[in-house]
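First up is the structure itself, then whatever we jot down about it.
The values are calculated or read from the model by the stated rules, or taken from the named source; none is laboratory data. What you see is a predicted model; the values in this text were computed from it and never measured. Glycine gets a Cβ as well: all are built from the backbone with ideal geometry, and neighbour counts include every protein chain shown.
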Amino acid sequence: SKTRETILKTDRFFRDYWRNHRDGIKVSKLLRETMLGCGLGYEEKVKRQIGRETVLETKQIFPKIEILKDPFNYYMRFRFIPGQMSKEWLTKAEAFSHALELPLVKTKIENGYCMMVFQHQQLDASYVPRKEDDSHSIGLGYRLGERFDWDFNEFPHCLIVGLTGSGKSTFVRNLLIQFPQDWILKVVDGKFVEFSFMKKLGYDVATSEKEFVDYVEEAHQEVIRRFEEMKTQGVNDYRELGYKPYFLLVDEFIFLVETLSNKKEKETGKTQRDQLFDKIRDIALRGRSAGVNLMLILQRPDSSFLPTVIRENLTTKVVLGGSETAFDMAFGSEHKKLQRLPKGEGYIMKGEELTNFSFANYSLEDFKKDLHSRNVEDLETYKTRKQESNQPEPLGDRIKEDHA
């Protein structure tokens, strides 16, 4: 009855209230302990007069904290104590993750505040991102309960580090299915087996060392050609001339580089590898204005095969799963202690902003089907179709069929 329903609602409210209150006390205690342990809070001795007696007491000084919570994350905003520096907070952020036993999703410094986001609930990444508009962006996955896009005009070029077992191939499939047919996409299949089948569907896929070198040369020439045209027309952005985005996606980049000759040629005085890096460096430096983007995918992080000037200009960096070496190479030494994430999750750094994300489990079979059909259905239709295909057959219908 209504009375019983009201009692149950009231009971649930107070139980939830008490649970949140109890969790709040626990989180507050952990934060104070962590700040003291990291030197972000401190203790000082103060004198207090009690009657005729002077008592020496310990006073704890902490940054002011604002905490919000949604179904997926804790949002914590710390106000710097005067004299504190940004680096102090950035290098200690991992300590909070360990204390709370929660993955650190994001750290951001702004105007005397440090914002940290911690994930307490698994993100929903059930659906493969779909390209539903003509914006210059690609969906990388999901974070903070919503889709997370890569705006490649603002943050050009992408470095993707996917260790064995991290879901690298699945992640790349999530990206490839989104490219509109009027964008220019060149794919280099490093081990010549992962994406070679796309060639039969009309995609430009390099499946040999020579084709890899040719694709880099073509991308470099496209940068030069577009720059010459922009200079002639007096513009500084490729979109003003109606050029379409151009992508060179190289899977197993290090594996391919290792196949190139390291012997100097008489004509140039440079090795084949050096000549390739010269072109990639120029694309990394000038590609943004020309609309030519690099997407370099590495299975193992090795800075000796990716010069610093190139790595620094790959302004969107993705690490799937993760390792100390991978975090160090992609994000810098201050982030090398990040927590390793399970398959289907990773970290993204756009500019200076670091966050974690999840991506859909997109099978090779589904990927091939979508490529064949060039599936362009909207997201809601896609969700409905997937839900219907996963629905179990009603028991009554099965019984009728069995007795038919």
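Taken over the stretch 65-103, the residue count meeting the criterion of being more than 26 Å from E146 (Cα to Cα), in a helix (DSSP H, G or I) and of a type outside the set (A, V, I, L, M, F, W, C) is 5. Are any residues in the stretch 33-63 among the hydroxyl-bearing types (S, T, Y) and in contact with a strand residue (DSSP E or B) (Cβ under 8 Å, 6 or more places away or on another chain), and if so, which ones? Y42, T54, T58 - these are the residues of the stretch 33-63 that are among the hydroxyl-bearing types (S, T, Y) and in contact with a strand residue (DSSP E or B) (Cβ under 8 Å, 6 or more places away or on another chain). Counting the residues of the stretch 156-177 that are surrounded by fewer than 17 Cβ atoms within 10 Å (Cβ to Cβ) and in a loop (DSSP other than H, G, I, E, B) gives 2.
Has the stretch 230-251 got at least one residue that is hydrophobic (A, V, I, L, M, F, W, C), touching a residue at least 40 places away in the same chain (Cβ under 8 Å) and outside any strand (DSSP E or B)? Within the stretch 230-251, one or more residues are hydrophobic (A, V, I, L, M, F, W, C), touching a residue at least 40 places away in the same chain (Cβ under 8 Å) and outside any strand (DSSP E or B). Scanning the stretch 38-61 for residues that are of a type outside the set (G, A, S) and in contact with a Phe, Trp or Tyr (Cβ under 9 Å, 6 or more places away or on another chain) yields a total of 5.
When each of V257, V235, V319 is tested for being touching a helix residue (DSSP H, G or I) at 6+ places or on another chain (Cβ under 8 Å), surrounded by fewer than 17 Cβ atoms within 10 Å (Cβ to Cβ) and over 24 Å from P180 (Cα atoms), the lone residue that passes is V235. Considering the stretch 134-150, the residues that are modelled with pLDDT under 85 and not aliphatic (A, V, I, L, M) include one that is nearest to the chain's Cα centre (by Cα), namely R143.
Of all residues in the stretch 28-58, those that are surrounded by 10 or more Cβ atoms within 10 Å (Cβ to Cβ), over 27 Å from L90 (Cβ atoms) and not hydrophobic (A, V, I, L, M, F, W, C) total 2. The strands (runs of 3 or more DSSP E) falling completely within the stretch 309-362 that include 1 or more residues that are at pLDDT below 90 and over 9 Å from the mean Cα position of the chain (by Cα) map to 353-358. From the list T164, T170, the one residue that fits, being under 17 Å from the mean Cα position of the chain (by Cα), over 30 Å from R239 (Cβ atoms) and assigned by the TED database to the domain that holds L298, is T170. Within this structure, R12 fails the test of being surrounded by 10 or more Cβ atoms within 10 Å (Cβ to Cβ), among the charged types (D, E, K, R) and either modelled with pLDDT of 80 or more or within 26 Å of G112 (Cα to Cα) (or both).
Among the residues that make up the stretch 73-87, is at least one of them modelled with pLDDT under 85 and either exposed (fewer than 10 other Cβ atoms within 10 Å of the Cβ) or among the β-branched types (V, I, T) (or both)? Looking through the stretch 73-87, none of the residues is modelled with pLDDT under 85 and either exposed (fewer than 10 other Cβ atoms within 10 Å of the Cβ) or among the β-branched types (V, I, T) (or both).
Residue-by-condition table, conditions (1) of a type in the set (D, E); (2) under 20 Å from P342 (Cα atoms); (3) free of Cβ contacts under 8 Å to residues at least 12 places away in the same chain:
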position: E43; (1), (2), (3): yes, no, no
position: K92; (1), (2), (3): no, no, no
position: F96; (1), (2), (3): no, yes, no
position: M115; (1), (2), (3): no, no, no
position: F152; (1), (2), (3): no, no, no
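Does D302 qualify as being acidic (D, E) and either in contact with a Lys or Arg (Cβ under 9 Å, 6 or more places away or on another chain) or modelled with pLDDT of 85 or more (or both)? Answer is no for this residue.
For the stretch 267-305, which residues satisfy the criterion of being among the hydrophobic types (A, V, I, L, M, F, W, C) and either without any contact (Cβ under 8 Å) to a residue 60 or more places away in the chain or surrounded by fewer than 15 Cβ atoms within 10 Å (Cβ to Cβ) (or both)? Of everything in the stretch 267-305, those that are among the hydrophobic types (A, V, I, L, M, F, W, C) and either without any contact (Cβ under 8 Å) to a residue 60 or more places away in the chain or surrounded by fewer than 15 Cβ atoms within 10 Å (Cβ to Cβ) (or both) turn out to be F277, L285, F305. When the stretch 180-199 is filtered for residues that are of a type in the set (D, E, K, R) and at pLDDT 90 or above, the ones remaining, listed by number, are D182, K186, D189, K199.
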